[in-house]
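Undergrad: I am attaching a structure below and will ask some questions about it afterwards.
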Amino acid sequence: MPARLTASQLRTCLGDGAETFAALLAGRSGIGPLRHGDPKALNVAHGYHVDDGATRAFAASRWVADCARRAVADCGLDPRRRRVVALVGTGLRELAAVEAYATGGAAFPAHRLHFGDAVRAAVPGLREVVTVSNACSAGGHVLALAEDLLMLGEADAVLVCGVDATTESMLAMIGRVVDHPTDAVRPFDADRQGVLLGDGAAAAVLVPDDDARPALARIVATGLSCDAHHETAPSVAGIERAMRDALTRGGRDPAEVDLVVAHGTGTALNDPAECAAIRQVLVADGGDPLVTAVKGATGHTSGSAALVNLDVAWRCLAGGRVPPVVGLRRPLPEGAGLRFTGTATASTPRLAQCDAFGFGGVNAVTLVEAP
Amino acid sequence: MTRPLTATGPDRSAAPDTQAVRSAATANGGRAVPGAEKRVTVRVTGWSLHLPDADGLATDLADWSGVAPQRLAGALAGAVPADRAYEVLGRKGLLYKEPATRLALCAVHRALGLPPGRNLPTGVDPTTAVVVAGNLGNVATVADLARTVRAEGGRAVSPLAAPNASSNVVASTVALWFGFGGANLMICSGATAGLDAVRAATLLLRAGRAARVVVVGAEPADEVATGLHQAGRPPFPLRAGAACLVLTADPGSADAGTVDGPGAGGGAGLVLRPAGSPPAYRLLGLGGFDPAARWGDCYGAAGVVNLALAAALLDAGLAGPLAVACGDDTDGWRAAVLDIDGGRLTVLDDGRGAAVFDADGREAVRDGGRGAER
């Protein structure tokens with residue numbers, strides 16, 4: 001069932017939501033030298049970092065708490081007076097602190113691995129805070145649960161958060177599968193070299209569709225699936241199921257989707273699989289959407305990636321301009337026929353599809369339209 | 001469900017008791033969300049306990065419940081430790097699988113009633129979802145990776161360990177191993193994770209996202225996991241174990257097993273008593289028979305373990321309903337209620353707005369993650 005997006009706050013390497021969108025429209029990337037771990041040892045030289053001048057210890061908790069506080073303030077909701085549940089999607093939790101502990105740092109209480117304490121302290125009165133660790137599509141999975149909670153009348157509002165800070169163990173895996181350090185994320189590019197991590201946090205507030213307060217967008221539905229196919233390689237069939245699930249739950253036709261804010265990680269496997277799924281689900285049924293993607297500018301923000309896409313989507317719906325795929329120079333052959341945005345493009349999309357796919361084949365696809 | 005159960009926060013009073021569950025029929029501007037049901041009866045169609053070396057727990061549980069020890073022994077037997085998981089799962093495919101993943105796979109294998117040996121799914125079942133609860137499953141691998149990178153560089157790490165760098169590896173591995181293609185969730189919310197997972201599962205069933213949900217709780221007890229657990233100064237030590245519940249939904253029924261949302265209208269499914277009323281049910285968890293005190297703390301898995309123990313007791317003939325609880329003062333508390341209804345194990349309440357009372361009628365456990373505010 002649809003829900004209303006009444007607040008959306010971001011923190012990426014490019015700034016808050018408005019700053020991130022402005023940078024995307026200008027084609028600007030937030031890439032910089034790797035600031036976490038030893039670039040030589042990791043074979044990773046770049047990252048898309050949030051630099052708030054503070055320590056990186058428990059940075060994810062700090063960033064998500066800050067976004068949550070701002071989002072709740074924006075929508076004028078008092079969690080002490082309403083039933084507000086918080087869901088936090090994350091890929092890596094505070095595993096960076098585990099790495100510090102393992103390499104000589106102090107032990108820390110296990111509850112600081114997740115975000116209940118941090119979010120409760122930032123937003124007093126929440127009914128409960130549940131951390132869902134669903135890799136790179138965690139934000140999309142908590143969106144789906146939020147829609148269900150609202151549909152079933154179990155909450156008056158849901159604070160949906162996503163967050164990740166770079167970990168060395170994930171960087172090691174990224175560096176392990178490339179010969180030379182990747183110089184930039186190039187979604188859907190024929191010469192893409194792989195993914196790089198971006199720090200990021202996001203918080204959105206969803207309310208039922210009949211809520212009267214002003215809304216940024218209407219969330220039509222989120223579809224979920226699991227590939228059950230391979231530990232790390234994506235499956236076109238699994239991604240297609242999530243896309244079709246979203247359309248079915250939302251009662252929409254594939255041809256209605258006129259913008260895709262793609263997952264687009266710039267990896268060898270994701271981008272062709274995502275193109276194939278878009279083609280088979282949307283294009284084959286009469287769709288001809290614009291396709292944009294943000295990770296060339298923000299890096300892969302993992303747990304918050306789906307909510308970053310959602311923030312970009314509502315700004316496209318509201319502002320009539322769709323940003324370019326930053327980093328894309330020459331589209332991959334598998335993308336032939338898809339309309340990737342090369343520059344900021346004047347367009348007033350009506351129904352946007354936000355993609356998020358994660359390690360382990362966990363897929364979440366969200367449809368969003370103007371309020 | 002009768003509400004209010006007890007005053008648990010100002011937000012409760014803001015929610016009128018008569019607030020209707022948003023009807024699935026009108027949920028989408030008049031278009032029904034396929035399969036969404038505002039009321040379903042959640043059944044437990046399979047369950048298992050995979051707690052290595054828990055013979056003593058069976059004896060204690062028999063003493064507490066009055067159920068004959070031999071009727072419980074079977075439920076708690078056969079739980080090989082992670083390094084002998086091949087005895088349940090077969091030898092193939094276990095390389096680089098985390099201990100928590102192995103225990104989870106064993107628990108699912110046994111809950112599905114499969115014979116020992118590798119299960120090879122014939123295809124992907126998109127109607128079965130997986131929800132796993134656990135917090136510490138991959139911390140040892142992450143620690144190992146960090147040490148290796150520092151000592152020998154990134155080239156020394158094995159790409160085969162890559163999936164373990166992501167915390168959802170237990171949930172996605174269960175899906176891959178058994179061919180479950182529905183929604184796949186890894187709940188890492190600390191001490192409440194087990195019953196948070198049960199609640200997420202009932203949400204998936206009620207929202208029409210799945211016809212069956214495999215709920216698993218699994219934690220390891222390696223050195224890194226134990227170090228982090230102890231740093232939180234828990235009352236009882238961490239212990240490795242897993243449990244599984246297979247949940248399905250009977251649509252549309254409004255019998256005693258109906259699971260309603262808090263604030264839902266209708267009095268069906270009275271399972272928990274208002275504050276001040278006589279005591280409710282026997283409780284598995286803090287304040288009742290607490291497996292964490294008797295055997296060891298399964299932390300994020302505890303809610304699933306306690307619910308599976310309740311299933312074992314009901315199955316062995318103990319009169320229900322049975323309440324189960326999990327949580328701590330930081331993450332908050334959750335409770336759920338299980339009984340046999342119409343001859344079948346039924347989740348009477350999955351913890352939304354639950355309160356459980358001890359034998360003297362005092363509130364023993366309550367929900368809501370309010371520990372930090374008390």
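The values are calculated or read from the model by the stated rules, or taken from the named source; none is laboratory data. Quick caveat: nothing in here was measured; it's all calculated off a predicted structure. Backbone-built Cβ (ideal geometry, glycine too); neighbour counts: all protein chains shown.
Undergrad: Identify all residues within the stretch B:148-188 that are under 17 Å from residue B:222 (Cβ atoms), surrounded by fewer than 24 Cβ atoms within 10 Å (Cβ to Cβ) and touching a residue at least 12 places away in the same chain (Cβ under 8 Å); write none if there are none. Lay out the reasoning, then the answer.
TA: Of the residues in the stretch B:148-188, the ones under 17 Å from residue B:222 (Cβ atoms) are B:148, B:161, B:164-165, B:167, B:169-170, B:188.
From what is left, the residues that are surrounded by fewer than 24 Cβ atoms within 10 Å (Cβ to Cβ) are B:148, B:161.
Result: B:161, single match.
Undergrad: When the stretch A:153-182 is examined, which residues are found to be assigned to a loop (DSSP other than H, G, I, E, B) and farther than 16 Å from residue A:138 by Cα? Spell out the reasoning first.
TA: Going residue by residue through the stretch A:153-182, those that are assigned to a loop (DSSP other than H, G, I, E, B) are A:153-156, A:165-167, A:177-182.
If the condition is that a residue be assigned to a loop (DSSP other than H, G, I, E, B) and farther than 16 Å from residue A:138 by Cα, then A:153, A:154, A:155, A:156, A:167, A:177, A:178, A:179, A:180, A:181, A:182 are the ones that fit.
Undergrad: Confirm whether residue A:56 is touching a helix residue (DSSP H, G or I) at 6+ places or on another chain (Cβ under 9 Å) and within 10 Å of chain B (Cβ to nearest Cβ).
TA: Values: touching a helix residue (DSSP H, G or I) at 6+ places or on another chain (Cβ under 9 Å): yes; within 10 Å of chain B (Cβ to nearest Cβ): no.
Considered against the rule, which asks whether it is touching a helix residue (DSSP H, G or I) at 6+ places or on another chain (Cβ under 9 Å) and within 10 Å of chain B (Cβ to nearest Cβ), residue A:56 comes out as no.
Undergrad: Residue A:211 passes all but one of (1) more than 13 Å from chain B (Cβ to nearest Cβ); (2) more than 25 Å from residue B:183 (Cβ to Cβ); which number fails?
TA: Failing condition for residue A:211: (1).
Undergrad: In the list B:114, B:120, which residue meets the criterion of being more than 8 Å from chain A (Cβ to nearest Cβ), under 24 Å from the mean Cα position of the chain (by Cα), surrounded by fewer than 24 Cβ atoms within 10 Å (Cβ to Cβ) and part of a loop (DSSP other than H, G, I, E, B)?
TA: Working: B:120 fails: under 24 Å from the mean Cα position of the chain (by Cα).
After ruling out the rest, the residue left standing is B:114.
Undergrad: If residue A:234 passes every condition in (1) part of a helix (DSSP H, G or I); (2) under 19 Å from the mean Cα position of the chain (by Cα); (3) buried (at least 24 other Cβ atoms within 10 Å of the Cβ); (4) within 14 Å of chain B (Cβ to nearest Cβ) but one, which one does it miss?
TA: The one condition residue A:234 does not meet is (1).
Undergrad: Every residue in the stretch B:56-78 that is touching a residue at least 12 places away in the same chain (Cβ under 8 Å) and farther than 17 Å from residue B:242 by Cβ, please.
TA: Matches in the stretch B:56-78: B:56, B:60, B:61, B:64, B:65, B:66, B:67, B:68, B:71, B:72, B:73.
Undergrad: If a residue counts only when it is among the acidic types (Asp, Glu), surrounded by 23 or more Cβ atoms within 10 Å (Cβ to Cβ) and modelled with pLDDT of 95 or more, which strands (runs of 3 or more DSSP E) contained entirely in the stretch A:284-371 have at least 1 such residues?
TA: It comes to A:351-358.
Undergrad: Here's something else I'd like to know. Among the residues of the stretch A:133-152, write down those that are under 20 Å from residue A:6 (Cβ atoms) and in a helix (DSSP H, G or I). Give the derivation first.
TA: Kept after step one, since they are under 20 Å from residue A:6 (Cβ atoms), are these residues of the stretch A:133-152: A:139-140, A:142-152.
Once the filter is applied, which keeps residues that are under 20 Å from residue A:6 (Cβ atoms) and in a helix (DSSP H, G or I), the stretch A:133-152 yields A:139, A:140, A:142, A:143, A:144, A:145, A:146, A:147, A:148, A:149, A:150, A:151.
Undergrad: Only one of B:309, B:318 is in contact with a strand residue (DSSP E or B) (Cβ under 9 Å, 6 or more places away or on another chain), at pLDDT 90 or above, away from chain A (no Cβ under 12 Å) and surrounded by fewer than 23 Cβ atoms within 10 Å (Cβ to Cβ). Can you tell me which? Full working, then the answer.
TA: Values: B:309 fails: surrounded by fewer than 23 Cβ atoms within 10 Å (Cβ to Cβ).
Every option except B:318 fails the conditions.
Undergrad: For the stretch A:248-269, enumerate the residues that are part of a helix (DSSP H, G or I) and either touching a Lys or Arg at 6+ places or on another chain (Cβ under 6 Å) or surrounded by 24 or more Cβ atoms within 10 Å (Cβ to Cβ) (or both). Steps first, please.
TA: First, the residues of the stretch A:248-269 that are part of a helix (DSSP H, G or I): A:248-250, A:254-256.
Result: A:249, A:250.
Undergrad: Looking at the stretch A:39-52 only, could you name the residues that are part of a loop (DSSP other than H, G, I, E, B) and either under 24 Å from the mean Cα position of the chain (by Cα) or under 22 Å from residue A:101 (Cα atoms) (or both)?
TA: At the first step, the residues of the stretch A:39-52 found to be part of a loop (DSSP other than H, G, I, E, B) are A:43-45, A:49-52.
The answer is A:44, A:45, A:49, A:50, A:51, A:52.
Undergrad: Can I ask one more? If we keep just the residues of the stretch A:150-179 that are over 30 Å from residue A:210 (Cβ atoms) and without any contact (Cβ under 8 Å) to a residue 12 or more places away in the chain, which is farthest from the chain's Cα centre (by Cα)?
TA: Result: A:179.
Undergrad: I'm trying to understand the selection: among the residues of the stretch A:93-132, which are under 23 Å from residue A:36 (Cα atoms), outside any helix (DSSP H, G or I) and at the interface with chain B (Cβ under 7 Å from one of its Cβ atoms)?
TA: Once the filter is applied, which keeps residues that are under 23 Å from residue A:36 (Cα atoms), outside any helix (DSSP H, G or I) and at the interface with chain B (Cβ under 7 Å from one of its Cβ atoms), the stretch A:93-132 yields A:93, A:103, A:107, A:108, A:109, A:114.
Undergrad: Exactly one condition in (1) β-branched (Val, Ile, Thr); (2) within 28 Å of residue A:233 (Cβ to Cβ); (3) free of Cβ contacts under 8 Å to residues at least 24 places away in the same chain is not met by residue B:226; state its number.
TA: Checking residue B:226 against (1) β-branched (Val, Ile, Thr); (2) within 28 Å of residue A:233 (Cβ to Cβ); (3) free of Cβ contacts under 8 Å to residues at least 24 places away in the same chain, the one that fails is (2).
Undergrad: Also, quick follow-up: Which residues, taken from the stretch A:1-37, are at pLDDT 95 or above, assigned to a loop (DSSP other than H, G, I, E, B) and in contact with a helix residue (DSSP H, G or I) (Cβ under 7 Å, 6 or more places away or on another chain)?
TA: Here is the first cut: in the stretch A:1-37, the residues at pLDDT 95 or above are A:3-34.
This time we only want the ones that are assigned to a loop (DSSP other than H, G, I, E, B), so: A:13-14, A:16, A:26-31, A:34.
Listed by number, the residues that qualify are A:13, A:14, A:28, A:29, A:30.
Undergrad: Go through the residues of the stretch A:103-111 one by one and say whether even a single one is within 28 Å of residue A:364 (Cα to Cα) and in contact with a Ser or Thr (Cβ under 9 Å, 6 or more places away or on another chain).
TA: yes
Undergrad: Residues of the stretch A:186-208 being within 14 Å of chain B (Cβ to nearest Cβ) and either aliphatic (A, V, I, L, M) or buried (at least 24 other Cβ atoms within 10 Å of the Cβ) (or both), which ones?
TA: Scanning the stretch A:186-208 gives A:195, A:197, A:206, A:207.
Undergrad: Right, something else. Failed condition for residue A:67, given (1) surrounded by fewer than 17 Cβ atoms within 10 Å (Cβ to Cβ); (2) under 19 Å from the mean Cα position of the chain (by Cα), with all others met?
TA: Here residue A:67 meets the rest and fails (1).
Undergrad: Does the stretch B:91-99 contain any residue that is within 14 Å of chain A (Cβ to nearest Cβ) and either in contact with a Lys or Arg (Cβ under 6 Å, 6 or more places away or on another chain) or under 30 Å from residue B:59 (Cβ atoms) (or both)?
TA: Narrowing the stretch B:91-99 to residues within 14 Å of chain A (Cβ to nearest Cβ): B:93-98.
Still in the list and also either in contact with a Lys or Arg (Cβ under 6 Å, 6 or more places away or on another chain) or under 30 Å from residue B:59 (Cβ atoms) (or both): none.
No, the conditions are met nowhere in the stretch B:91-99.
Undergrad: Only one residue in B:72, B:89, B:49, B:5 is within 22 Å of residue B:339 (Cα to Cα), out of contact with any Asp or Glu (no Cβ under 8 Å at 6 or more places or on another chain), at pLDDT 95 or above and among the aliphatic types (A, V, I, L, M), so which one is that?
TA: One residue alone meets the criteria, B:49.
Undergrad: Go over the candidates A:104, A:116, A:140, A:89 one by one and state the one that is farther than 22 Å from residue A:219 by Cα and touching a Gly at 6+ places or on another chain (Cβ under 9 Å). Don't jump to the end; show me each part of the working.
TA: Working: A:104 fails: touching a Gly at 6+ places or on another chain (Cβ under 9 Å); A:140 fails: farther than 22 Å from residue A:219 by Cα; A:89 fails: farther than 22 Å from residue A:219 by Cα.
When all the criteria are applied, what remains is A:116.
Undergrad: Quick one: is residue B:54 buried (at least 17 other Cβ atoms within 10 Å of the Cβ), in contact with a His (Cβ under 7 Å, 6 or more places away or on another chain) and over 20 Å from residue B:172 (Cα atoms)?
TA: Values: buried (at least 17 other Cβ atoms within 10 Å of the Cβ): yes; in contact with a His (Cβ under 7 Å, 6 or more places away or on another chain): no; over 20 Å from residue B:172 (Cα atoms): yes.
Considered against the rule, which asks whether it is buried (at least 17 other Cβ atoms within 10 Å of the Cβ), in contact with a His (Cβ under 7 Å, 6 or more places away or on another chain) and over 20 Å from residue B:172 (Cα atoms), residue B:54 comes out as no.
Undergrad: Right, another one. Being aliphatic (A, V, I, L, M) and either more than 9 Å from chain B (Cβ to nearest Cβ) or over 12 Å from residue A:303 (Cβ atoms) (or both) is true for just one of A:138, A:71. Which residue is that? Walk me through how you get there before you give the answer.
TA: On the way: A:138 fails: either more than 9 Å from chain B (Cβ to nearest Cβ) or over 12 Å from residue A:303 (Cβ atoms) (or both).
Just a single option satisfies the conditions, and that option is A:71.
Undergrad: Let me ask something else. Just to check your reading of the model, which residue among A:234, A:254 is touching an Asp or Glu at 6+ places or on another chain (Cβ under 7 Å) and at pLDDT 95 or above?
TA: Matching residue, one of A:234, A:254: A:254.
Undergrad: Looking at A:62, A:120 in this structure, which one is without any contact (Cβ under 8 Å) to a residue 40 or more places away in the chain and over 22 Å from residue B:137 (Cβ atoms)?
TA: On the way: A:62 fails: without any contact (Cβ under 8 Å) to a residue 40 or more places away in the chain.
That would be A:120, the only listed residue that is without any contact (Cβ under 8 Å) to a residue 40 or more places away in the chain and over 22 Å from residue B:137 (Cβ atoms).
Undergrad: From the list B:136, B:145, which one is surrounded by 20 or more Cβ atoms within 10 Å (Cβ to Cβ), within 23 Å of the chain's Cα centre (by Cα), facing another protein chain (nearest Cβ under 9 Å) and among the hydrophobic types (A, V, I, L, M, F, W, C)? Explain how you work it out, then say what you get.
TA: Values: B:145 fails: within 23 Å of the chain's Cα centre (by Cα).
Sole residue among the options that is surrounded by 20 or more Cβ atoms within 10 Å (Cβ to Cβ), within 23 Å of the chain's Cα centre (by Cα), facing another protein chain (nearest Cβ under 9 Å) and among the hydrophobic types (A, V, I, L, M, F, W, C): B:136.
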